[in-house]
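**Student:** Mind having a look at this structure? Questions to follow.
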Amino acid sequence: MAHGGFLSVDLGHPFLNRTADGFLKVGTVGACKVAAEGTFHCLHKGDVSRHKVENALKKMCKEGAYWGSVAGVYVGVEYGVDRIRGHRDWKNAMIGGAVTGALVSAVNSNDRNHVVGNAITGAAIATAAHYLHHLT
C-alpha cells in the first residue's frame with residue numbers, strides 16, 4: 001500500500017500509482033456489477049450451468065477491464081493536468097472528464113458529434129463529482 005492509505009499500489013511514480021489505483025478500484029466495481037447481474041439472472045431463471053458461469057466470468061473481465069481503463073485514463077489525465085497547471089481544482093476534473101469522454105467515444109465511434117457530446121458529458125460528470133466530493 002502506498003503512503004496515506006489512499007493508493008492501493010506503489011509503482012514508484014504518482015502518475016502510475018493513481019492510474020493503476022483508478023483502474024483497479026473502478027474495474028473491480030465494474031466486475032462486481034456484472035457478477036451481481038449474472039447471479040440475479042441465474043437465480044431468477046433457475047438456470048445455472050458451466051456455460052453460463054464461463055460467460056459470466058468472461059463478461060466480468062471484459063467490463064472490469066473496460067471501466068478500469070476508463071477510470072485509469074481519467075485519473076491519469078486529471079493528474080497530468082494538475083501537474084501542468086500547478087493547481088488542484090475543478091478545472092482539472094473538467095478537463096480530465098472531457099478528454100476521457102472524447103477518447104472513449106472516439107474509440108467506439110467515428111461520429112464527431114457523438115465524440116463532442118461525450119466530451120461534454122464527461123466534463124459535466126467529472127466536474128459535478130469534484131464538487132460533490134468537496135461538499136463535506
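The values are calculated or read from the model by the stated rules, or taken from the named source; none is laboratory data. Source: prediction; values computed, not measured. Note that each Cβ is placed from the backbone with ideal geometry, even for glycine, and that neighbours are counted across all protein chains shown.
**Student:** Could you list all residues from the stretch 111-136 that are charged (D, E, K, R) and closer than 15 Å to Ala98 by Cβ?
**Tutor:** Matches in the stretch 111-136: Arg112 only.
**Student:** For the stretch 1-111, please list each of the helices (runs of 4 or more DSSP H) lying entirely inside it that holds at least 3 residues being under 24 Å from His134 (Cα atoms), in contact with an Asp or Glu (Cβ under 7 Å, 6 or more places away or on another chain) and free of Cβ contacts under 8 Å to residues at least 40 places away in the same chain.
**Tutor:** 90-108
**Student:** If only one of Val104, Val9, Val26, Val99 is within 23 Å of Ala124 (Cα to Cα), surrounded by 14 or more Cβ atoms within 10 Å (Cβ to Cβ) and not assigned by TED's automatic domain parsing to the domain that holds Ala129, which one is it?
**Tutor:** On inspection, the qualifying residue turns out to be Val26.
**Student:** Another question about this same structure. Can you find a residue that is at pLDDT 90 or above and surrounded by fewer than 16 Cβ atoms within 10 Å (Cβ to Cβ) anywhere in the stretch 39-54? I'd like the intermediate steps shown before the answer.
**Tutor:** Of the stretch 39-54, the ones at pLDDT 90 or above are none.
No: the stretch 39-54 contains no residue that is at pLDDT 90 or above and surrounded by fewer than 16 Cβ atoms within 10 Å (Cβ to Cβ).
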